[in-house]
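The next block holds one structure in the form of structure tokens; read it before the comments.
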Amino acid sequence: MPSLGKLSRLYSKQIEIKLFTMCDPASATPADQRNVEVKARIPGGQEGFAGRLDIARKLTGVPEAELIVQRDVFFQSPLGGRLKLRYLQPPARSQLVYYDRPDVAGPKLSTFNKIEVDEPEILEKILRQSNGALGVLAKTRHLFLHGQTRIHLDEVKDLGHFMEFEVCLKPDQTLEQGQVIAEELSKAFGIKEEDLMTGSYFDALAK
């Protein structure tokens, strides 16, 4: 039978291992999610927007998009990137999203993390008090899914009509592979270089 001293050392060792596992960033922090994104203005007003909806229907074989009403509250993000609280209509749950991407035109890598939120009003209050709010952006999103890509056709309040591709990268996929997919879709939708956006909708609204 082990002595009390040996049992004590064994117990201490177990606690030490448990604490190391809990505090080790490598074992506790999930990897960032990754997209390759393209964002562009849609010229031609409602007619131009309807034309892009037709292209999305034919490309995906889906007669109608999933309609998503979103209200995004943006907050100060002292260490860079962008932080927003996305209000969604029930039964969907709202989301807190942090993302970081370069402000360049054309296909670009976006790394992001998000969690679902059950009490967005309380979280908004906390973030307003702790970080400070930058403003609000409201939009209606028409969502189509094509392979590993989310196709967004957006009607943004006080800004106009836009489209966005989010190529959801698999863990073993490279940025270049995602860019190829995004560029093919850009050609299919007839996106012109002058219509490509560098920043976010909120950046354009704030100008």
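For the reader, a short list of remarks on this structure follows.
- Cβ-derived FRET efficiency at R0 35 Å, VAL136 paired with ASP195, nearest 0.05: 0.90
- Linear extension gain, VAL62 paired with GLN129, 0.36 nm per residue minus alpha-carbon span: 19.8 nm
- Evaluated over the stretch 52-206, the Cα radius of gyration and Dmax, each in Å: 16.0, 47
- Per-pair calculated FRET efficiency, R0 = 35 Å: THR29 and THR174 via Cβ, rounded to 0.05: 0.95
- Estimated purely from DSSP H runs of n ≥ 4, each contributing -39500 (n - 2.57), the mean residue ellipticity at 222 nm for the chain is -10500 deg cm²/dmol once divided by its residues.
- What the chain shows is 60 Å² of accessible area per residue, with the surface traced by a 1.4 Å probe over protein heavy atoms.
- Amide H partners (placed H, <5 Å) of GLY106, local residues excluded: LYS39, MET197
- The slack between ASP103 and ASP203, meaning 0.36 nm per residue of separation minus the straight C-alpha distance, is 35.0 nm.
- Listed cross-link partners LYS39/LYS187; LYS108/LYS192; LYS58/LYS192; LYS39/LYS125; LYS39/LYS139 are compared with a 22 Å cut-off, the Cα-Cα value being larger for LYS39/LYS125.
- At R0 = 45 Å, FRET efficiency that the Cβ-Cβ distance of ILE115 and GLU47 yields, to 0.05: 0.70
The values are calculated or read from the model by the stated rules, or taken from the named source; none is laboratory data. As the structure is a computational prediction, the values presented were derived from the model and not from experiment. For neighbour counting, all protein chains shown are included, and Cβ atoms are generated from backbone atoms with ideal geometry for every residue, glycine included. All accessible areas refer to the heavy atoms of the entire protein, side chains included, with ligands and DNA or RNA removed. Shrake-Rupley method; radii C 1.70, N 1.55, O 1.52, S 1.80 Å.
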